[in-house]
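S.K.: After the structure tokens below, expect a handful of questions from me.
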Amino acid sequence: MLQLLGGRAMRGLVGVALGAWCALASACGAASPKASRSAPAVPMVQDAGGDPHAQIDALDRQITDEMARAHVSPPATATCTGATCATAMSQPFATPVATAPECRPAKTDTCTSACTLSTAICSNQQKICDLAKQLVGDDWAANKCESAKASCRAAHDSCCSCVL
């Protein structure tokens, strides 16, 4: 009887261990080499409690992270103050899109990933600039918008010129 009970306990323990392994493998599936070649997940901006500065800061951090994942160096941007910022904010900016006819990235996982990141960066740029326009006279917000525009252009160029 003890031997039979020991066998059942052992099978139960093996079952629990196997179940835990399956759960772990499912949870960590994104870390597999195959998953890393697919388009990266784009994190959502955490609720900054309606504070436009906090929202801009969160979006700016996402752009920085996405630029690093895309292996695109952050472009240098000049800072503005006062009237120069107002002028910069009034300039039209057409957010570039990867579906434009002149944009012809190679059809590879690397280029698809670069273009997905470019789209996310440009989307965050648009959000930053929309928030900055609400903060009339805020030089910090205007500079974040200008920096985001430069990052959007650089990421878009990287996507469109991708050949790997």
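S.K.: Amide H to amide H under 5 Å from ALA98: which residues, 5+ apart in sequence or cross-chain, H placed 1.01 Å off N in plane?
M.R.: Amide H neighbours of ALA98: none.
S.K.: Under a plain spin-label model, where a point goes 7 Å from the Cα along Cα-to-Cβ, how far apart in nm are ARG104 and ASP51?
M.R.: Placing both labels 7 Å beyond Cα along the Cβ direction yields 4.9 nm.
S.K.: While we're on this one: Let me check I've understood the local charge: for VAL136, count other residues with C-beta under 15 angstrom from its C-beta, Lys and Arg +1, Asp and Glu -1. What total comes out?
M.R.: In short, -1.
S.K.: Another one. Ranked highest first by the average count of other Cβ atoms within 10 Å around their residues, in what order do 154-164, 73-83 fall?
M.R.: Those peptides, ordered most packed to least, come out 154-164, 73-83.
S.K.: Right, something else. Count neighbours as other Cβ atoms within 10 Å of each site's Cβ, and list the trypsin sites (Lys or Arg not before Pro) in the stretch 82-161 that are DSSP loop with at most 13 such neighbours.
M.R.: Counting only loop positions with at most 13 other Cβ atoms within 10 Å, the trypsin sites (Lys or Arg not before Pro) in the stretch 82-161 are LYS107.
S.K.: Follow-up. Grab the stretch 45-160 and count how many Lys pairs have their alpha-carbon atoms under 23 Å apart, sequence gap of 8 or more, or different chains.
M.R.: Numbers: LYS127/LYS144; LYS127/LYS149; LYS133/LYS144; LYS133/LYS149.
The result is 4.
S.K.: While we're on this one: Using DSSP to define loop residues, name the GluC sites (Glu not before Pro) in the stretch 59-153 whose beta-carbon has at most 13 other beta-carbon atoms within 10 Å.
M.R.: Sparse-neighbourhood loop GluC sites (Glu not before Pro): GLU102.
S.K.: Treat each spin label as a single point 7 Å out from the Cα along the C-beta direction, and report the LEU164 to SER90 distance in nm.
M.R.: Reported label-point gap for LEU164 and SER90 is 4.3 nm.
S.K.: Then there's this: Roughly how many Å is it from the Cα centre of the stretch 135-164 to that of the stretch 67-102, as a whole number?
M.R.: Each part's Cα centre sits 3 Å from the other's.
Here, each number is a calculation from the coordinates, and none is a lab measurement. Remember, predicted model here, so these are calculated numbers, not experimental data. Virtual Cβ from ideal backbone geometry, glycine too; neighbours counted across all protein chains shown.
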